[in-house]
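The values are calculated or read from the model by the stated rules, or taken from the named source; none is laboratory data. From a predicted model like this one, the values you see are computed outputs, not experimental measurements. Ideal geometry is used to build each Cβ from the backbone, glycine not excepted, and the neighbour counts take in all protein chains shown.
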Amino acid sequence: MDLQLNGKTALVTGATAGIGLEIARALALEGAIVIITGRDRAKLDAAIATVKASGDKAVSGVLADAATAEGAALISKAAPAVDILVNNLGIYESKQFGDITDADWSHLFDVNVMSGVRLSRAYLPGMLERSWGRIIFISSESGLAVPADMIHYATTKTAQLSISRGLAQLTRGTNVTVNAVMPGPTRSDGIETFLRSQAGDPSAPIKQIEAEFFATARSSSILQRMVEAEEVASLVAYLASPRSSATNGAALRAEGGLINTIA
């Protein structure tokens, strides 16, 4: 299926690895002009080279921290107008509620929530003026199925759902849409460290640890395995396309059936 993204400009935050990198790759392969952001020059250059190696040359990067007001300003100055904004930047950690400090709460909100707020505030007016655009928040299944050891993380992901739904209300009568995607636990560079920190035997083979994680910590998952970043990217690419024009204000799941509700 042609997603009709040729010539569309897409900005993907936190795209030097994991889900963000695969989203950038998927959009580029569909013909979009892709801009990715990152804080580390070496990682940013490597990510650009990775996307180019996939067969598309229309990719560039902005060295900036989207979690800060200064970084968001640098990004919007480097890319004054985009057709597609993917607010992917995010971090997580496992920590018991009583150990989560004010600084932890503030840091997660700056990275996971305010990065998307600031960039949406920068780009939504132009999208509305042109009557076309896509804003996509990469949330998490934790925004609905809150893990007891990640309450601060889950709260930021719930906030993203509220923000995306609220912004969608501002697009009434236009060809602009705002949606959220909720991946489940997704395979990434840092996931093995996280899984081992949760395991009964951290030295066990990673396949055994992954099976234990889904049997205990995420037992409601139907998939019973890690989601692959490419699987999330496929859904995001569709949402970014003109073909998704009737989907607005939605929270779409790519979490392997972990959320055990219909609504």
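Structure above, values below:
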item	result
Which numbered condition P80 fails, given (1) of a type outside the set (A, V, I, L, M); (2) closer than 30 Å to V146 by Cα; (3) outside any helix (DSSP H, G or I); (4) modelled with pLDDT of 95 or more	(2)
Residue ID - farthest from I19 (Cα to Cα), chosen from residues in the stretch 148-160 that are surrounded by fewer than 19 Cβ atoms within 10 Å (Cβ to Cβ) and either outside the structural domain of A67 (by TED's automatic domain parsing) or touching a helix residue (DSSP H, G or I) at 6+ places or on another chain (Cβ under 6 Å) (or both)	I151
Of all residues making up the stretch 69-80, the number that are surrounded by fewer than 16 Cβ atoms within 10 Å (Cβ to Cβ) and in contact with a strand residue (DSSP E or B) (Cβ under 7 Å, 6 or more places away or on another chain)	1
Of all residues in the stretch 219-263 being in a loop (DSSP other than H, G, I, E, B) and closer than 25 Å to L170 by Cβ, the one that is modelled with the lowest pLDDT	A263
Identity of the residue in the stretch 161-176, hydroxyl-bearing (S, T, Y) and under 16 Å from the mean Cα position of the chain (by Cα), that ends up surrounded by the fewest Cβ atoms within 10 Å (Cβ to Cβ)	S162
Hey, A66 modelled with pLDDT of 95 or more, crowded, with 16+ Cβ neighbours inside 10 Å and under 25 Å from G184 (Cβ atoms) or not	yes
